[in-house]
Every structure is written in structure tokens, then in C-alpha cells.
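A.B. asks: The structure is given below, and queries will be raised subsequently.
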Amino acid sequence: MKNVDISYRLELLPSVPAFHRRAREHRDFDGGELVYYGPHPTYYGIGEVKETINGFVAVDFRGTGEFGVHEDMFRPEYLIVIPSATKSLL
């Protein structure tokens, strides 16, 4: 199910494999931080960190990606923080 209402330019987000050096750089996530699923950015889209629970990060994607996911939990190695400089381009 593809969400066509959200028009983020997800193709600008680089693919980062899980456990890659860049994926391990940012291990502590703060609430409200914008992140994406590193291995394939378009699957989930852009999400907002809600909280960290037992080593997993709860993210609200609001259906911004191809899968139409609203909320999911990930290990930190799969999430990449969106840099401030990139936010204005998306």
C-alpha cells in the first residue's frame, strides 16, 4: 500500500546497511528526532522518535513510506538520524 499524500523526497536519503559504521555512530535517540530506516529509506519513510524501550527505538512514521507504516520498533543499528542540512531539502 503506497501513500501518495506525503511528498517527501526520500530518494535523497542515502541507503546505509545495518551495522555499517555510520549506522553505529548515533546510538542514543532523543524523542522528536527525525530518523529513517537506513537499509532502504523509501520502505518506511521519515519518522519521529517517540521513545526508547529496552534497547529498541519506537518510531512514528505516519505512513510516509511505501509500506504505509505508522509506528514500529527498531534496533538502533537500523535507524539513521536525518542531518539538519538535509531536512530542508526533503
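A.B. asks: Just checking, does the stretch 76-88 include any residue being among the hydrophobic types (A, V, I, L, M, F, W, C), modelled with pLDDT under 90, more than 12 Å from the chain's Cα centre (by Cα) and surrounded by fewer than 18 Cβ atoms within 10 Å (Cβ to Cβ)?
C.D. replies: Checking the stretch 76-88: at least one residue is among the hydrophobic types (A, V, I, L, M, F, W, C), modelled with pLDDT under 90, more than 12 Å from the chain's Cα centre (by Cα) and surrounded by fewer than 18 Cβ atoms within 10 Å (Cβ to Cβ).
A.B. asks: While we're looking at this one, here's another question. How many residues does the stretch 51-71 contain that are touching a strand residue (DSSP E or B) at 6+ places or on another chain (Cβ under 7 Å) and surrounded by 16 or more Cβ atoms within 10 Å (Cβ to Cβ)?
C.D. replies: So the answer is 5.
A.B. asks: Can I ask one more? Taking into account only those residues within the stretch 26-42 that are free of Cβ contacts under 8 Å to residues at least 40 places away in the same chain and touching a helix residue (DSSP H, G or I) at 6+ places or on another chain (Cβ under 6 Å), which is nearest to GLY68 (Cα to Cα)?
C.D. replies: Per the stated criteria, the residue is THR42.
The values are calculated or read from the model by the stated rules, or taken from the named source; none is laboratory data. Not measured: the values here are computed from a predicted model. Heads up, the Cβs are rebuilt from the backbone with ideal geometry, glycines too, and the neighbour counts pull from every protein chain shown.
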